[in-house]
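Peer 1: The structure is given below, and queries will be raised subsequently.
Each value in this text was obtained by applying a stated rule to the coordinates, not by laboratory testing. Predicted model only: the values in this text are computed from it and were never measured. All Cβ positions, even for glycine, are placed from backbone atoms using ideal geometry, and neighbour counts span all protein chains on display.
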Amino acid sequence: MQRPPAGPRRADEPIRSRANPVVQRLRALKEKGQRGAAGLALVEGARLLEEALAASVHVVEAAAGPRFGRSGRERAVLNALAARGVVLRRVDDGLLWSLSELETSPGILAVVRRPSFEEDQLYKGLPLVLVAVGIQNPGNLGGLLRTAEAAGATGAYLTEATADPLSWKALRGSMGSAFRLPHRRGLRAEEALERVRAHGLQAVATAADGAARYDEVDYRRPTAFLLGAEGAGLPPALAAAADHRVHIPMQGPVESLNVGVAAGVLLFEAARQRRH
């Protein structure tokens, strides 16, 4: 006796097929490292999705596990998505975990449109701009953006060969700052320096042999901090072109700081000076 063909999946049943278009779209975004898909990125977990929604980032679609929505926070996220008319698909836990970069999936994954910023937004008020040069570690970049926002920076240039601020690790490191802090990507470092100079900012580079101590420069002026990748640091020609080369005194035998820590020292010194 021949079995009748399976009927369509009920709307309340979780998606279980890897061939489902929703799963294929999410997997394609993940496998492209979020760089190849025009203007889109993935956001994982209730906390980061809350940050995206609060920053008015446009959510295209979302997928959640069958049990997501049991806690008050999860229900609030689902209600916020529904209020914005976002289509939510329920996806089998196993499939959702296969799309996650974490050991255990937090239960929800969303496709968002990348925020875009006008360049003038980087220079609002008394500008304090970060120029990240070739920082390829996404976790370091995320922490850098979080520190910059916390210290009151007005924006950032993320030059070519710098990590994607909306990659998985960078987003987790920034805890939403990448959604809010105005930034522009993809310029050459020399071009970014020209841009900040054209806006009247002094350029300050970190260097182990810097002539001035980091707290001897007046940061009450419009300022841009040039920061390079750990190990390689700034290209010598770029550091030499800065208005000031500063160093952070350290006890030996330590020779250098994590780029996020160094940025924190500089940015919060600027914030301290500006308060007074």
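Peer 1: On a 0 to 90° scale, report how tilted helix 259-275 is relative to the longest principal axis of the chain, with both axes built from alpha carbons and the result rounded to the nearest 10.
Peer 2: The answer is roughly 70 degrees.
Peer 1: While we're on this one: Between Lys169 and Val261, what is the label-point separation in nm under the 7 Å Cα-to-beta-carbon projection?
Peer 2: Placing both labels 7 Å beyond Cα along the Cβ direction yields 1.8 nm.
Peer 1: Any idea what the relative contact order of the stretch 119-275 is, in percent, if you count C-alpha pairs under 8 Å spaced at least 6 apart?
Peer 2: Working: 316 pairs, mean separation 43.3, N = 157.
RCO, the stretch 119-275: 28 percent.
Peer 1: Still on this structure: Looking at the stretch 151-276, send over the antiparallel percent of its DSSP beta bridges, to the nearest 5. Mind dumping the intermediate values first?
Peer 2: Numbers: 1 of 13 bridges.
If I count the DSSP bridges inside the stretch 151-276, around 10 percent turn out antiparallel.
Peer 1: Please give the peptides 54-66, 131-143 ranked by average Cβ packing (other Cβ atoms within 10 Å per residue), highest first, as a rough proxy for protection. Present the calculation step by step, with values, prior to reporting the outcome.
Peer 2: Values: 54-66: 17.6, 131-143: 22.5.
Listed from highest to lowest mean packing, they are 131-143, 54-66.
Peer 1: What are the radius of gyration and Dmax of the stretch 21-113, computed over its Cα atoms and given in Å?
Peer 2: 12.2, 35
Peer 1: Simple spin-label model, 7 Å along Cα-to-Cβ: Arg25 to Asp243 in nm?
Peer 2: 4.8 nm
Peer 1: Tell me the net charge near Leu126. Cut-off is 13 Å between Cβ atoms, Leu126 excluded, with +1 for each Lys or Arg and -1 for each Asp or Glu.
Peer 2: On the way: positive: Lys124, Arg220, Arg221, Arg274, Arg275; negative: Asp218.
Counting the neighbours of Leu126, the net charge comes to +4.
Peer 1: Further question: With everything on Cα atoms, drop me the angle between helix 72-83 and the longest principal axis of the chain, reported from 0 to 90° to the nearest 10.
Peer 2: Between the helix axis and the principal axis of the chain, the angle is about 80 degrees.
Peer 1: I want to check the label-to-label distance for His276 and Glu216. Put each point 7 Å from Cα in the C-beta direction and report it in nm to one decimal.
Peer 2: Label at His276, label at Glu216, 1.7 nm between them.
Peer 1: Based on the Kirkwood radius over alpha-carbon pairs, what value in µm²/s does the Stokes-Einstein equation return for the translational diffusion coefficient of the stretch 129-211 at 37 °C and 0.692 mPa s? It would help to have the intermediate numbers written out before the result.
Peer 2: Details: Rh = 12.9 Å.
It comes out at roughly 254 µm²/s.
Peer 1: When DSSP assigns beta bridges and you keep just the ones with both residues in the stretch 21-113, what percent turn out antiparallel, to the nearest 5? Let's see the in-between values first.
Peer 2: Numbers: 10 of 14 bridges.
Expressed as a percentage, antiparallel bridges in the stretch 21-113 total about 70.
Peer 1: Can I ask one more? If Rh is defined by the Kirkwood formula over all Cα pairs and Rg also comes from Cα, what ratio Rg/Rh do you get for the chain? Don't skip to the end; give the middle numbers.
Peer 2: Details: Rg = 22.1 Å, Rh = 20.4 Å.
Computed over Cα atoms, the ratio is 1.08.
Peer 1: If you wrap the stretch 69-175's Cα atoms in a convex hull and average its projection over all directions, what's the area in nm²? Mind showing how you got there, number by number?
Peer 2: Values: hull surface 35.3 nm².
If I average the Cα hull's projected area over directions, I get 8.8 nm².
Peer 1: Follow-up. Provide the percentage of antiparallel DSSP beta bridges, counting only those with both residues in the chain; round to the nearest 5. Present the calculation step by step, with values, prior to reporting the outcome.
Peer 2: Working: 11 of 38 bridges.
Antiparallel bridges make up about 30 percent of those DSSP assigns within the chain.
Peer 1: How far, in nm, would the chain grow between Glu190 and Asp93 when pulled straight, counting 0.36 nm per residue and subtracting the alpha carbon separation? Each step should come with its number before you reach the end.
Peer 2: Working: separation 97, 0.36 × 97 = 34.92 nm, distance 4.71 nm.
Contour length minus the Cα-Cα distance gives 30.2 nm.
Peer 1: Taking the Cβ of Gly45 as the centre, find all other residues whose Cβ is under 14 Å away and add up their charges (Lys, Arg: +1; Asp, Glu: -1). Present the calculation step by step, with values, prior to reporting the outcome.
Peer 2: Values: positive: Arg47, Arg73, Lys169, Arg172; negative: Glu44, Glu50, Glu51, Glu74, Glu101, Glu103.
The answer is -2.
Peer 1: Just from its helices, what would the mean residue ellipticity at 222 nm be for the chain, if runs of 4 or more DSSP H residues each count -39500 (n - 2.57) and the sum is divided by every residue, rounded to the nearest 500 deg cm²/dmol? Before the final figure, lay out each step's value.
Peer 2: On the way: 10 runs with 96 residues, N = 276.
Per the formula, -10000 deg cm²/dmol.
Peer 1: Compute a Gaussian network model of the chain, connecting alpha carbons closer than 10 Å, and tell me which residue from His183, His199, His247 fluctuates the most.
Peer 2: Its mean-square fluctuation being the largest, the pick is His199.
Peer 1: Let me ask something else about it. Taking θ = phi - 60°, what integer Hz values does the Karplus form 6.51 cos²θ - 1.76 cosθ + 1.60 yield along the stretch 42-47, in sequence order, with x for Gly and Pro?
Peer 2: Per residue, the Karplus-derived 3J(HN,Hα) values read 9, 10, 10, x, 4, 4 Hz.
Peer 1: May I ask you to derive the relative contact order of the stretch 52-120, considering only C-alpha pairs under 8 Å and at least 6 residues apart, and to give it as an integer percent?
Peer 2: Numbers: 75 pairs, mean separation 33.3, N = 69.
Reported relative contact order: 48 percent.
Peer 1: Then there's this: So if I place +1 on the C-beta of Lys and Arg and -1 on the C-beta of Asp and Glu, and nothing else carries charge, what would the dipole magnitude of the chain be about its Cα centre? I want it in debye, nearest 20.
Peer 2: Details: 37 positive and 29 negative charges, 257 e Å.
Result for the chain is approximately 1240 debye, rounded to the nearest 20.
Peer 1: Follow-up. Relative contact order for the chain using alpha-carbon pairs under 8 Å, separation at least 6, rounded to a whole percent? Please report the intermediate quantities before stating the final value.
Peer 2: Numbers: 492 pairs, mean separation 47.7, N = 276.
Normalised by residue count, the contact order of the chain is 17 percent.
Peer 1: With the cut-off at 1.5 for a/c, could you classify the stretch 119-275 from its C-alpha gyration tensor as rounded, prolate or oblate?
Peer 2: Rounded.
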